[in-house]
1. Return the loop-located GluC sites (Glu not before Pro) in the range 285-384 (DSSP other than H, G, I, E, B) with at most 15 other Cβ atoms within 10 Å of their own Cβ; answer none if there are none.
2. Pulled fully out, how much extra length does the chain show between residue 442 and residue 227, if you take 0.36 nm times their separation in residues and subtract their Cα-Cα distance?
3. Return the loop-located GluC sites (Glu not before Pro) in the range 267-311 (DSSP other than H, G, I, E, B) with at most 15 other Cβ atoms within 10 Å of their own Cβ; answer none if there are none.
4. What distance in nm separates the two pseudo spin-label positions at residue 149 and residue 332, each 7 Å out from Cα along the beta-carbon direction?
5. Rank the residues 320, 52 as a footprinting-exposure proxy: fewest other Cβ atoms within 10 Å of their Cβ go first.
6. In percent, how large is the relative contact order of the range 269-481, given Cα pairs closer than 8 Å and 6 or more residues apart?
7. Which trypsin sites (Lys or Arg not before Pro) does the range 254-290 hold that lie in a coil by DSSP with at most 15 other beta carbons within 10 Å?
8. Where a Cα-Cα gap under 29 Å defines reach, which lysines qualify for residue 262, not counting those fewer than 8 residues away within the same chain?
Amino acid sequence: MARRLRWLGMGLAWLLVLPGGEVAAQDGDLERGREVYDRWCASCHGVEGDGLGPAAGYMLPRPRDFTRGLYQIRTTAGGEIPTDDDIMRMINEGMPGTTMPGWQDQLSRRDREAVKDYIKSFYPPFETMDEPEPLDFGRAPRANEERIAEGRIFYDSIECWQCHGDAGRGYGPSAPELEDDRDYPIRAVDLTKNWKFNGGGSVEEVYRRLRTGMDGTPMPAFSDLVDAGFMTDEQLWNLAHFVRSLAPEDPPRVREVIRADKVEPGEVPRTVRDEAWDEVEKFYIPLVAQIIVLPRWFDPAIDGVWVQALHDGDEIALRLTWHDRSRSPDPAWMQWQERVIEVMEPVEGDPVEPAPRPDRFAVQFPPEIPDGMERPYFLMGSSDRPVYLWRWRSDQDGAEPARARGMHEVEALSGSIEADALWEAGRWQVVLRRSLEPAADDGRLRFETGVPIPIAFFAWDGDNAEEGTRGSVSSWFFVYLREEAPVSTYVAPLVAFVLTGGLGLVVVARAQRRERTLAEGAEDDPDPDVGPDTDPDADPDPEARPPP
Ligand code: HEC
Ligand code: HEC
């Protein structure tokens, strides 16, 4: 489901472009390029190359207008046309963080070359100008603490934070006002998610974007300043190393099961800041646009949440962490909301009005733990199969239990869920806590240990006009509350030893080690009840997928 959802999240555009087949060979490669273009690119980029294809209105950033000759990802200086290799790279690999797909596996090399020449023909100066020389980028110096610290100083002094914010999450004071060259609102990239950078997230790629800028966007270029001696190449590399250091070594893996370790009775943390969370593993859940139930919203601001979970046999707590550029409702972001509503029309269903809206988050469970894989409809259930929700919003204390029979039918249940929340530097952290036993038998889940429990997530950024059906969603995942392994668990390997003779040597050695660690009270819990699909300890995880 996650796969399908992500696919849907890429925008309606896909529905329009996917049908089709091999393009018949034509005389002349420009003619061939036109055929490839009309079939595969025009629904987004427009038959005339003006970026106004029928699907374009559903996406932000909008598809490139090729008649302007402005390209973001180049090896050439700011304001110059790109090289053929630059354009080919974007066609081959696509642009992460946007709807622009990569075509390497979809189109033959000849078709990709032909369509590259065809999109150049939308901008006549390509014909008369010589192909520009790529800049010489040299080689990346090695990263070290000192470089990164100097890069940080530079980040502050040349005011990258104006747009990207101190912590890099794209929430700087100028962020709500940014526009691209066609007056569309544009987000300052969240520098901590380098896997979403349009031109790639390595230090070399970041350095290149800093040298060349990203034409058509407010992102400045620094090649001229380097050439004029206002800054050294070394300083720019340091800055690139600092930017790279804001993101993790690797993009987060997506796993099906969120593991909730067991802590001592009474030790379930209550607050966001509790240091106990520092030791708890984070599970990354991608979120995509809710574009199934009307009114839809094709431009949600929140694209993922990190989930941590703990229980003590009596209570469970989740800490949810997601990046959000504002603590909604923030008056500074009202202009952003107005513009985003304006450009994301047409919106089917009720029209959206700009309004001060809080941020919201919901966690969804089935009313009871299902046998097998059966689960309610992931978008808040249906009339015959309701779901149980925890609903949090930024303008109220605590969170609210609720029952839903579809996105339009949500009713509050009595009582509340304990919550602690903090917005800081472009990031929300929220702790939600409940006893494993439900407060009432009215469709509230009874949490059990040792079984995978379905769980799903919804997020809304109020300043991005999100509420109700307009927001981001995940598919179903599982949360698994570990129990201390009963002693009988450790008998199994011993039996195996007896049965398999020689092979058992290895097994028994392991069993002995286990027994030793058990005796020492170490938490080593093999969870043998969990099948291969849902084993939270499986590592490496064959189901792991890169985030969208
Ligand atoms: C689903 C919509 C969609 C389809 C289909 C699509 N593109 Fe794009 N394309 C985009 C968007 C959106 C951008 C701009 C992203 C941005 O501004 O960050 C883009 C940007 C580009 C760029 C600009 C790269 C740069 O450096 O600025 C090129 C070149 C390009 N597309 C070529 C193509 C070609 C060729 C095809 C067909 C084979 C195609 N695109 C199909 C959405 C699409
Ligand atoms: C005036 C606002 C502004 C300032 C100042 C600014 N940026 Fe950006 N930056 C942007 C915007 C907007 C984008 C996103 C462009 C896009 O999505 O097409 C961006 C994108 C980026 C990217 C992502 C590149 C990619 O491949 O997608 C990096 C890295 C970056 N900026 C680093 C920096 C650094 C370092 C500085 C300081 C030298 C800086 N920016 C200053 C607005 C700004």
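Every number in this text was worked out from the coordinates using simple rules, so none of it is lab data. Please read all numbers here as calculations on a predicted model, not as lab measurements. Here the Cβ is made from the backbone with ideal geometry for all residues, glycine too, and neighbour counts use every protein chain on show.
1. 348, 368, 374
2. 70.4 nm
3. Passing both the DSSP loop test and the Cβ count: 267, 281.
4. 2.9
5. If I rank by nearby Cβ atoms, fewest first, I get 52, 320.
6. Worked out over the range 269-481, it gives 28 percent.
7. Within the range 254-290, the qualifying trypsin sites (Lys or Arg not before Pro) (loop, at most 15 other Cβ atoms within 10 Å) are 270, 273, 282.
8. 282
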